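Data block below; observations after.
The values are calculated or read from the model by the stated rules, or taken from the named source; none is laboratory data. These numbers were taken from a predicted model, which means no experiment stands behind them. All Cβ positions, even for glycine, are placed from backbone atoms using ideal geometry, and neighbour counts span all protein chains on display. For the accessible areas, the whole protein counts, side chains as well, though only heavy atoms, and no ligand, DNA or RNA atoms are used. Shrake-Rupley method; radii C 1.70, N 1.55, O 1.52, S 1.80 Å.
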Amino acid sequence: MKNKEMTFWLFITPVLLSLSLVVILPVLMGIFYSFTNWDGLNFTAFVGMDHYRRLIGDEQFLQSLWFTVRFALTSIILLNVIGLGLALLVTSKLKSRNLLRTIFFMPNLIGGLILGFIWQFIFIRVFSTIGDVIGVEVLKGWLSTPATGFWGLVILTVWQMAGYIMIIYIAYLQGVPKELMESAEIDGATPGQKFRHVIFPLIAPAFTVTMFLTLSNSFKIYDQNLSLTGGGPYNSTQMVAMNIVDTAFSGNQMAYGQSKAIVFFVIVAIISLSQVYYNKKREVDL
Amino acid sequence: MLIQNNLNNSNKIFFVGACALLLGACGNEDGAGPGGMGSNDDSSGETIQLNIMQGKVEFNTQFNELADQYMAENDNVQIEITSVGGGTDYFTQLTTRFSSGDEPDIFSVAGPNEIEQFQDTMADMSDTDAAAAALEGTIENVTHDDGRIDAIPYNLEGYGFVYNMEVFEQAGIDPEALSTYEELRDAVETIDSQKETLGIEAVFALPGAESWVMGDHLANVYLSPELNESPLEAYNAETLAFERADEFQRMLDLQVDYSIEPVLSLDYSQQVEEYFSLGQVAMIQQGNWIYPTLEQMDPEFAESNVGMIPIPLEGYEDRLPVGVPNYWAVNDNNDDATVQAAKDFLDWMYLSDEGKDFVVSEFNFVPAYEGYEDLEISDPLSQIVYDYSQSGDTLGWVFTGFPTGYQLNEFGPNLQAYIGGEMTWEEAIEASKEAWESMRQ
């Protein structure tokens with residue numbers, strides 16, 4: 001027994017140590033600094049709740065928070081729909097399914113910054129060229145208005161992450177027992193009914209995983225945002241992460257940026273935890 | 001270098017910075033070998049290590065060559081250079097190095113804000129020869145009332161409308177004669193009406209995505225008079241009056257109206273590389289720092305086909321905005337020998353014959369020091385900046401004294417919102433005034 005306990009601690013200590021060093025400790029320090037006038041080097045005074053009070057009236061921060069929420073909702077829906085669709089496609093009896101899996105997953109292997117630049121080229125140059133040729137005005141001037149900037153970011157994110165979500169769905173789809181599908185077929189279920197009443201409940205755990213992944217990912221996006229739009233035009237496509245970095249580093253208001261980060265952390269934690277809790281309740285055990 | 005928000009650049013910069021670190025580390029090891037051997041038979045050589053951290057990454061290679069040359073001449077000095085580029089990245093990393101205790105011995109600072117933050121660590125430079133040789137107007141802003149000098153200038157940079165000579169010639173316009181807004185506007189209209197015969201797409205290429213082009217450089221022209229052309233005055237100003245907001249607006253409008261569309265997603269590299277260097281536009285608002293890029297794209301075009309004229313400003317006609325983008329500071333938290341060695345190196349760089357030669361022909365700097373009269377400036381744009389600074393027809397840079405992040409987070413976006421039709425001009429100016437006041441509190 002004693003031995004077992006020792007092994008337990010032996011195994012968990014390295015993780016615990018690194019976790020507290022790189023996550024827990026910085027968070028605690030961050031909370032502390034958000035109550036001071038820290039400038040990155042040292043601090044001279046405690047300012048109490050000043051930063052947080054200022055946050056409430058900070059239009060740019062609220063605007064980027066709202067933008068992030070809209071972006072997250074849109075991309076979560078699109079990601080899951082498209083990811084699941086791709087997964088169904090490549091688990092079907094298509095000949096090219098192995099090749100397609102690789103192709104769909106590929107965008108995920110490209111770094112966010114580079115993707116941003118590639119898509120910037122596509123949106124600005126390729127789109128406007130196509131627009132010129134076929135005479136569609138909608139394709140011109142992408143990324144120069146808030147709306148096209150928003151959809152540009154959504155398209156980029158969905159394109160990049162859908163393959164990853166697909167892999168998760170594939171794993172669960174392959175775990176659906178053949179017997180169940182066959183018996184449903186014998187009972188005369190249409191493909192739609194099979195999907196709705198057999199497959200869907202069985203892959204519910206996948207939703208927990210993918211929703212968590214897509215949600216936290218879309219909230220935390222920074223590099224794609226930076227390279228695709230840089231927050232422009234006029235900071236209308238600036239997401240929270242970028243707002244925080246800009247405040248802290250280019251605005252050199254370290255403590256204020258820190259307090260924004262704490263607020264952001266709390267929001268993401270609440271959303272993620274309640275969503276995991278809710279989805280867990282809906283899962284079906286075989 | 002002023003391309004603070006250009007991502008293309010900061011990527012390269014990161015890479016180069018990383019390489020510099022690696023190379024530096026290797027160089028160090030190499031150096032340690034012979035040094036250690038030498039100390040056996042020669043006990044006098046106590047090596048002084050100089051760690052340099054600087055934010056102008058474009059001349060990193062040449063700077064390292066210069067350091068090698070200095071080390072070859074001075075056995076007791078070891079120099080290690082870290083170049084990190086692009087405004088914000090550099091300053092963040094500098095702060096990080098200071099707070100982690102790994103302080104550089106020589107570092108660069110860009111303006112009053114940065115100087116203020118590192119004030120306590122800066123050695124007095126007033127006893128250096130370089131400070132004494134600095135050109136008038138380059139060092140006053142870093143000089144205290146008691147004669148203490150915080151830092152010495154890197155070089156001079158200047159900007160204006162960089163124009164394509166051939167286009168102007170064909171249109172029959174002498175760009176050098178355009179000194180008022182009206183003259184410029186008429187010329188722009190003339191060129192615009194002949195776009196097709198001249199073979200250009202538009203008169204200007206205004207990179208609306210780069211807010212610094214409008215918020216720092218263009219605004220500087222119209223804010224300079226009320227701030228007495230002094231970055232220090234800007235730094236101490238509690239409010240902005242924007243006395244010349246109307247003049248500012250009409251110049252911005254002129255550039256927007258006759259620019260390549262869409263303005264708001266046009267960036268620096270498109271402006272300089274694609275549109276200007278390939279002869280698609282007649283002129284762009286940029287400075288002498290674009291020369292290496294132009295040369296890379298088309299050496300012939302760069303050498304013989306570009307010129308630069310000032311941005312018209314009523315009452316200040318024909319004056320080019322020229323300023324000091326960066327300063328060198330020496331870390332005072334060191335022993336006297338190291339501080340002295342750092343100063344000696346800087347003196348040598350700017351005042352010795354080898355150093356001067358490097359500064360002009362390798363760094364491609366416009367010198368901010370006296371004693372360069374006999375040396376030939378390597379490119380036409382720098383030559384123009386140098387000529388203006390020699391004749392004194394310059395307009396001071398005040399934007400280096402803007403509150404930190406003012407242009408990037410407030411002023412620039414407001415101007416973009418104006419261009420995008422999201423704000424009226426009055427709203428944009430009003431919001432920018434308020435932002436200034438709240439950032440100065």
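So, with a 1.4 angstrom probe, what is the percent of accessible area on segment A:173-217 that is carbon and sulfur?
Details: 1580 of 2550 Å².
Carbon plus sulfur share of accessible area: 62 percent.
Rounded, prolate or oblate: pick one for chain A, where a ≥ b ≥ c are the square roots of the eigenvalues of its C-alpha gyration tensor, a/c under 1.5 means rounded, and failing that, prolate if a/b is larger than b/c, else oblate. The shape class here is oblate.
How shielded is B:343-356 by partner chains, expressed as the average number of their Cβ atoms within 10 Å of its Cβ atoms? Taking all residues of B:343-356 together, the mean is 0.
Counting Cβ atoms of other protein chains within 10 Å of each residue's Cβ and taking the mean over peptide B:394-407 gives 1.
Would you mind calculating the gained length between A:Glu5 and A:Asp50 on full extension (0.36 nm times residue separation, minus the Cα-Cα distance), in nm to one decimal? Present the calculation step by step, with values, prior to reporting the outcome.
Working: separation 45, 0.36 × 45 = 16.20 nm, distance 4.68 nm.
Length gained between A:Glu5 and A:Asp50: 11.5 nm.
To test your reading of the geometry: what angle, between 0 and 90 degrees and rounded to tens, separates the Cα axis of helix B:181-193 from the longest principal axis of chain B? That helix lies at roughly 70 degrees to the long axis. Cross-link reach is defined here as a Cα-Cα straight distance under 24 Å, omitting same-chain residues fewer than 8 places apart; for A:Lys220 the lysines meeting it are A:Lys260, A:Lys280.
Once B and A are treated as a pair rather than alone, how much accessible area drops out, both sides summed, in Å² to 100, probe 1.4 Å?
Details: alone 18270 and 16740 Å², together 33020 Å².
Result for this pair: about 2000 Å² buried.
Working note: Karplus 6.51/-1.76/1.60 with θ = phi - 60° gives segment A:16-32 the couplings 4, 5, 5, 4, 5, 5, 9, 10, 5, 4, x, 5, 5, 4, x, 4, 4 Hz, where Gly and Pro are set to x. For the protein assembly as shown, the spread of Cα coordinates along the three principal axes comes to 96, 77, 52 Å, biggest extent given first.
Exposure check, 1.4 Å probe, all protein chains in place: A:Phe265 carries approximately 110 Å² of accessible surface. Seen against the Cα atoms of chain B and their longest principal axis, helix B:336-351 is set at about 50 degrees. Give the carbon-plus-sulfur fraction of the accessible surface of segment A:30-121 in %, rounded to a whole number; probe 1.4 Å, heavy atoms of protein chains only. Carbon and sulfur together cover 71 percent of it. A simple charge model with +1 on the Cβ of Lys and Arg, -1 on the Cβ of Asp and Glu and nothing else charged puts the dipole of chain B at about 980 debye relative to its Cα centre. For B:Ile48, the residues 5 or more places off, or on other chains, whose built amide H falls under 5 Å of its own are B:Val77, B:Gln78. Accessible area ranking (1.4 Å probe, heavy atoms, ligands and nucleic acids excluded), largest first, for A:Thr44, B:Thr47, B:Thr394: A:Thr44, B:Thr47, B:Thr394. Comparing each chain alone with all protein chains together (probe 1.4 Å, DNA, RNA and ligands left out), the residues of segment B:410-441 losing at least 20 Å² of accessible area are B:Pro413, B:Gln416, B:Glu422. When the Gaussian network model of chain B links Cα atoms closer than 10 Å, the mean-square fluctuations of B:Gln93, B:Gln285, B:Gln255 top out at B:Gln93. Panel note: contact residues of segment B:106-125 (accessible area lowered by at least 40 Å² against the chain on its own; 1.4 Å probe) correspond to B:Gln117. Annotation: per residue accessible area for chain B equals 39 Å², rounded to a whole number [probe 1.4 Å, protein chains only]. Computed over protein heavy atoms with a 1.4 Å probe, the accessible surface of segment A:1-104 works out to 70 Å² per residue.
Output the Kirkwood hydrodynamic radius of chain B, Cα pairs only, in Å rounded to one decimal.
On the way: mean 1/r = 0.0438 Å⁻¹.
Result for chain B, one decimal place: 22.8 Å.
The accessible-area ordering, largest first, of the residues A:Leu84, A:Leu94 stands as A:Leu94, A:Leu84, per a 1.4 angstrom probe. Each 5 Å bin from zero holds the following percent of Cα-Cα pairs in segment B:276-375: 2, 9, 15, 15, 16, 15, 11, 7, 5, 3, 1, 0.
For A:Lys281, the lysines whose Cα comes closer than 24 Å to its Cα, not counting residues fewer than 8 places off in the same chain, are A:Lys194. Derived scalar couplings between HN and Hα for segment B:60-77 equal 4, 4, 5, 5, 5, 4, 4, 4, 4, 4, 5, 5, 5, 7, 10, 4, 8, 10 Hz in order, rounded to whole Hz, by the Karplus curve 6.51 cos²θ - 1.76 cosθ + 1.60 (θ = phi - 60°), x for Gly and Pro. Calculated accessible area for segment A:116-159 comes out at 48 Å² per residue, all protein chains present (probe 1.4 Å; ligands, DNA, RNA ignored).
So how do A:Tyr256, B:Tyr181 rank on accessible area, 1.4 Å probe, biggest first, that is with the largest at the start? Each step should come with its number before you reach the end.
Working: A:Tyr256 5, B:Tyr181 30 Å².
If we order A:Tyr256, B:Tyr181 from most to least accessible, we get B:Tyr181, A:Tyr256.
Within 10 Å of each Cβ in A:245-256, how many Cβ atoms from other chains are there, averaged over the peptide? All intermediate terms of the calculation are to be shown ahead of the outcome.
Values: counts 2, 4, 2, 2, 8, 13, 9, 10, 4, 2, 0, 0.
What the average comes to for A:245-256 is 5.
The accessible area of A:Ser259, taken with all protein chains in place and a 1.4 Å probe, comes to roughly 0 Å².
Non-local lysine pairs in chain B, meaning eight or more places apart or on different chains, with alpha-carbon distances under 29 Å, amount to 5.
Applying the Karplus relation 6.51 cos²θ - 1.76 cosθ + 1.60 with θ = phi - 60° to segment A:184-196 yields 3J(HN,Hα) values of 5, 5, 4, 6, x, 6, 6, x, x, 5, 4, 5, 5 Hz, where x marks Gly and Pro.
Roughly to the nearest percent, how much of the accessible area of chain B is carbon and sulfur, given a 1.4 Å probe? If you can, show how the numbers build up before the last one.
On the way: 7590 of 17290 Å².
That share works out to 44 percent.
Rounded, prolate or oblate: pick one for segment A:208-255, where a ≥ b ≥ c are the square roots of the eigenvalues of its C-alpha gyration tensor, a/c under 1.5 means rounded, and failing that, prolate if a/b is larger than b/c, else oblate. Because a/c hits 1.5 or more and a/b fails to exceed b/c, segment A:208-255 counts as oblate. Shape call for segment B:327-406 from the C-alpha gyration tensor, a ≥ b ≥ c root eigenvalues: rounded (a/c under 1.5), prolate (a/b greater than b/c) or oblate? Here segment B:327-406 falls in the oblate category.
For every helix of n ≥ 4 consecutive DSSP H residues, a contribution of -39,500 (n - 2.57) applies; sum these over chain B, divide by its total residues, and give [θ] at 222 nm rounded to the nearest 500 deg cm²/dmol. Mind dumping the intermediate values first?
On the way: 18 runs with 192 residues, N = 441.
-13000 deg cm²/dmol, from helical runs alone.
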